[in-house]
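The values are calculated or read from the model by the stated rules, or taken from the named source; none is laboratory data. Not measured: the values here are computed from a predicted model. Because the Cβ atoms are built from the backbone with ideal geometry, glycine has one as well, and the counts that use them run over all protein chains shown. To get the accessible areas, we keep the full protein, side chains included, count just its heavy atoms, and leave off ligands, DNA and RNA. Shrake-Rupley method; radii C 1.70, N 1.55, O 1.52, S 1.80 Å.
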Amino acid sequence: MDTPLAFPALHASHAGIWVGSIDGQVQTVGKGEAAGRAAETPMVMLNAPLVAQRLGYPDLSGLDLLELFAFVYPARFAVPTPKGMAKALGITPPTTDQDVPQFLLVAARTLLDVLDAPDWAEREGAWDAAQALMRLRWPWSNLILSRLKKPEKPERWLFSRLPEWEESPPRTPPRVVTLGAEAVQQRLASLVGGSAETRQGQRDFAQAAAEIFAPRARKGEPNMLLAEAGTGIGKTLGYLAPASLWATAADGTVWISTFTKALQRQLVREAQRIYPDYDTFKSKVVVRKGRENYLCLLNLEDALQGGFAGRAAILAHLVARWAAYSNDGDMIGGDLPGWLPTLFRRNGSTALTDRRGECIYAGCPHYKKCFIERASRSSVQAEIVIANHALMMVNAARGRDELNRPSRIIFDEGHHLFDAADSMFAAALTGQETIELRRWVIGPEGKARGRRRGLSARLADVASYDEEGGLAIEMARMAAEALPGDGWLARLAEGAPSGPIERFLAAVRAMVFARDETNATEGGYGLETELADPDAAVVDAAADAAVALEALARPLTVLGQRLEAMVSDPPDWLDGSARARVEGAMASLSWRIDTVRAWISMLARAVGPVDTEFVDWLAIDRFEGREMDIGMHRRWLDPMKPVADIVLKPSHGVLATSATLRSGGDWKNAEARTGALHLDKPATHFSAISPFDYTAQAEVLIVTDIKKGDAAALAGAYAALITASGGGVLGLFTAIRRLRSTYARIADRLARDGLPLYAQHVDPIDTGTLVDIFRDDPHASLLGTDALRDGVDVPGHSLRLVIMEQIPWPRPDILHRARRLKNGGIDFDDRIIRAKMAQAFGRLIRSADDKGHFVLLSSAVPSRLLTAFPPGTPIRRVTLAEAVASVKTGLSPDEKLRQDVKISLDESNPF
Ligand code: SF4
């Protein structure tokens, strides 16, 4: 049906602003005029927050095409650009910015016309959702309801449509099997494919990986292999071959843990080769993520029934549309478009997940349909579980199910194990952490919305049945009053802290301000000081704070004991679901008790001797000059020690692998970074070099004439190189400040040359979506920081130049200084730098056909750091002019997209 759409459309890029009217006219307008017209008449636009940013008018609203897409096609992938929308809708993309307004109208009409289509797969639930959205004055709702037919029968609501999971019997322990070399090679050959030739490096890798599945000789001594396999070896199939063979033969589960979502997605694709039949695949391969990734249905129900207001409520209804069609309910890396929460400025999306441990397990009416519970049950029966490093450690440290602990583990991206462990085993006694505990015990204060309840409301039945338990809950509630409450930051700033913990934080704040020496260089960001010779105010306040926390830990511990007694000698009323709820409460209680105990031991350090296992310091977290959090921090000097104890030693076989496992050092370094150093049985080692021809495929250019600290010259260099390359540039920064300043100086000019520039920390778009946009447009370039250094997997022409703004020196903070002292001083720094440079270089050459340059903008790069690059890679020290010329001549002359780039260095460096 050809339905007219009586609204104008607005498009804004760095190159200009265009308004298209309903009669097909397109006008170029200024920012003020565009904002004024948008305020008068609703306009169709694509990604309103991005348009608002381009216009410099944050309150802009309108008919966002992306919201309509999310309503019509929930759980479908689309890149949120005109080209991406055209691809998703099967219509012709616009060729110029000027064509975009009319394209938006065509795209909107195409989407609205779907509502009439008899084969629209996502129809169920649309009518009720549109009605609810109309009550919330969602701009699209009238247009939708004018086309949508009222269903003949009332629609089932989301919570009755979702399938229930089923409890399955406990799995018996795996059989003892030994994998034959021939069987491993046959499995590998079948995964690689009949016609494809398997490479020797991959065959050797598979054979080495098979060793971790051999029967373990002694308890506490897993078979551990450290394997460094250069990019292109094909290590995922290399380890999937023995892993899948063992899982089937032994009837066991292999856990594969990654650091990035990109690798998780790749693993899912590759695991399909093992189980080509979709139903078998679904039952054998499970992706597990932290519970904070998944939609909590109870939180959603609360949001739909008035818990959320305004735009957040609209988001909740669009999320509910998605939940009905989602594969797994994963809101972060699953099939919910990553751009959807950012359209609502993240307003409400985090409150839909279970972030603060408020799950009530079997007490929840949606327990049997809960996405989190389903994922956790399916992994019990799976052969391959794909997880991430953080989840592996959380499970090991706080897992509820001893029987289903991972026993065969493959850590891919093993060079990140140290960082994952470092965060997981960190402790922070800060205002934000303590107020969270207060809310968990007492419940939210004042007029807070949402369904969060305190301990006494959650365990009311326990309190009424068990007097001692009830008393413990009441004592804990009273003790939690000593924790910081709402407004604590303001009270500290005014010098009027309330209660012992706030007084401790106030003393910490004063000491940090007095002693910090980093402020001169950090301008408005974090302040910190060592916990050495604390002043008397900190010592006194720490002693009082420890007493207050002891008063809280005691009743929580008693409550834990009462719950345990109740489960082991259950009363009549404790049926299956009540028991599961009590067990859930026990798990979250024990985690809180551990936290409070860790805080007490940190406070003991403030008043007593140093514990050499830990690094302790005091800090004020700030963002652009604003104080965000204050407190005491503790990290393990070597976080791989607890990992070795709770993850490695209980397992039977562990493989840690990566292209840069030795991080530019030797095996000792790899052993330290993976925890193998702490095992009684030494790990075995394997290495295979990359089959890529780096001499022909890549070139490293070290640009020596950009002065450090010259922001204009830095921006000019980026502009010149991006222009020379015709886009396809990944620009990596070590400081957000420099990234923003570079972006602000060059984005408009590049856009006018047809070279769009996107940036993390600037564009209101999540990182995953930025990478999707970058991958989809060979003219686009992307600037970013750490997360892009090894989270980007863009093989082929879209990424042909990586620029690093300077040597990635480690941040010289207190924690780094302590580890540097212990681990060899400058050598330790060098290993970290080489690892970061190797990871950044690794973005460039992803396949045998990739070609490109790696440019380092640094006048002095010590030669000892250059071993970060693969052997054979040509490295030259050049001027910017020479680098630009190399990037230009490195281009293939017959490629259309590079022909129209006409630059001269002088022109492109006007800053
Ligand atoms: S079981 Fe827990 S996480 Fe799942 S829906 Fe209910 S409250 Fe949310």
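Going residue by residue through the range 323-336, is there one that turns out to be over 28 Å from Asp666 (Cα atoms), within 16 Å of the ligand (Cβ to nearest atom) and free of Cβ contacts under 8 Å to residues at least 12 places away in the same chain?
No, the range 323-336 has no match at all.
Yes or no: Trp339 open to solvent by less than 50 Å² (accessible area, probe 1.4 Å), touching a helix residue (DSSP H, G or I) at 6+ places or on another chain (Cβ under 9 Å), under 30 Å from Met85 (Cβ atoms) and within 16 Å of the ligand (Cβ to nearest atom)?
No.
Does Gly307 satisfy the condition of being open to solvent by less than 30 Å² (accessible area, probe 1.4 Å), more than 28 Å from Asp772 (Cα to Cα), touching a residue at least 12 places away in the same chain (Cβ under 8 Å) and within 16 Å of the ligand (Cβ to nearest atom)?
When the stated conditions are applied, Gly307 passes them.
Can you pull out every residue in the range 669-703 that is under 30 Å from Val878 (Cα atoms) and within 29 Å of the chain's Cα centre (by Cα)?
Selection gives Ser690 alone.
Tally time: how many residues in the range 54-92 are open to solvent by 60 Å² or more (accessible area, probe 1.4 Å) and closer than 13 Å to Ala107 by Cα?
4
Looking at Arg592, Arg581, which one is modelled with pLDDT of 90 or more and not aliphatic (A, V, I, L, M)?
Arg592
Taking the range 261-290 as the search range and keeping residues that are surrounded by fewer than 18 Cβ atoms within 10 Å (Cβ to Cβ) and of a type in the set (Val, Ile, Thr), which one is nearest to the ligand (Cβ to nearest atom)?
Of everything passing the filter in the range 261-290, Val268 is nearest to the ligand (Cβ to nearest atom).
Of the conditions (1) open to solvent by less than 60 Å² (accessible area, probe 1.4 Å); (2) touching a residue at least 40 places away in the same chain (Cβ under 8 Å); (3) not hydroxyl-bearing (Ser, Thr, Tyr), Asp680 satisfies every one except a single condition; which number is it?
(1)
Name the residues in the range 364-374 that are near the ligand (Cβ under 8 Å from one of its atoms) and not hydrophobic (A, V, I, L, M, F, W, C), would you?
Pro365, His366, Tyr367, Lys369, Glu373
Quick check, is Arg109 part of a loop (DSSP other than H, G, I, E, B), among the basic types (Lys, Arg) and open to solvent by 40 Å² or more (accessible area, probe 1.4 Å)?
The answer is no for Arg109.
In the range 426-445, what residues are out of contact with any Pro (no Cβ under 7 Å at 6 or more places or on another chain) and of a type in the set (Val, Ile, Thr)?
Thr430, Val441, Ile442
How many residues does the range 271-286 hold that are part of a helix (DSSP H, G or I) and of a type outside the set (Gly, Ala, Ser)?
The qualifying residues number 6.
One residue is enough: does the range 823-830 have a residue meeting the conditions touching a residue at least 40 places away in the same chain (Cβ under 8 Å), under 28 Å from the mean Cα position of the chain (by Cα) and open to solvent by 40 Å² or more (accessible area, probe 1.4 Å)?
Looking through the range 823-830, none of the residues is touching a residue at least 40 places away in the same chain (Cβ under 8 Å), under 28 Å from the mean Cα position of the chain (by Cα) and open to solvent by 40 Å² or more (accessible area, probe 1.4 Å).
Within the range 194-214, track down each residue that is assigned to a loop (DSSP other than H, G, I, E, B) and in contact (Cβ under 8 Å) with a residue 60 or more places away in the chain.
Within the range 194-214, Arg199, Ala214 qualify.
So which residues in the range 707-735 are more than 29 Å from the chain's Cα centre (by Cα), assigned to a loop (DSSP other than H, G, I, E, B) and either surrounded by fewer than 21 Cβ atoms within 10 Å (Cβ to Cβ) or charged (D, E, K, R) (or both), if there are any at all?
Result: Lys707, Lys708, Gly709, Asp710.
Residues in the range 239-260: is at least one open to solvent by 30 Å² or more (accessible area, probe 1.4 Å) and touching a His at 6+ places or on another chain (Cβ under 9 Å)?
Within the range 239-260, one or more residues are open to solvent by 30 Å² or more (accessible area, probe 1.4 Å) and touching a His at 6+ places or on another chain (Cβ under 9 Å).
Output the qualifying pairs, or none if there are none: Cβ atoms under 7 angstrom, residues six or more apart or on different chains, first residue in the range 367-384 and open to solvent by less than 40 Å² (accessible area, probe 1.4 Å), second residue basic (Lys, Arg) and assigned to a helix (DSSP H, G or I).
Ile372/Arg291; Ala382/Lys284; Glu383/Lys284; Ile384/Lys284
Restricting attention to the range 588-617, which residues are surrounded by 15 or more Cβ atoms within 10 Å (Cβ to Cβ) and within 16 Å of the ligand (Cβ to nearest atom)?
Ser588, Leu589
Kindly indicate the residue of the range 824-847 that is touching an Asp or Glu at 6+ places or on another chain (Cβ under 8 Å) and in a loop (DSSP other than H, G, I, E, B) and also nearest to Gly234 (Cα to Cα) among those meeting that condition.
Within the range 824-847, the match that is nearest to Gly234 (Cα to Cα) is Arg846.
When you scan the range 660-668, do you find a residue that is closer than 30 Å to Arg740 by Cβ and under 24 Å from the mean Cα position of the chain (by Cα), even just one?
yes
Within the range 344-355, identify whether any single residue is within 9 Å of the ligand (Cβ to nearest atom) and touching a residue at least 60 places away in the same chain (Cβ under 8 Å), and answer yes or no.
Yes, the conditions are met somewhere in the range 344-355.
Sort out which residues of the range 19-40 are open to solvent by 30 Å² or more (accessible area, probe 1.4 Å) and within 17 Å of Leu104 (Cβ to Cβ), and write them in order of number.
Ser21, Ile22, Asp23, Gly24, Gln25, Val26, Gln27, Thr28, Arg37, listed by residue number.
Of the conditions (1) touching a residue at least 24 places away in the same chain (Cβ under 8 Å); (2) in a helix (DSSP H, G or I), His816 clears all except one; give me its number.
(1)
Any residue in the range 291-301 that is touching a Phe, Trp or Tyr at 6+ places or on another chain (Cβ under 9 Å), modelled with pLDDT of 90 or more, within 16 Å of the ligand (Cβ to nearest atom) and open to solvent by 30 Å² or more (accessible area, probe 1.4 Å)?
yes
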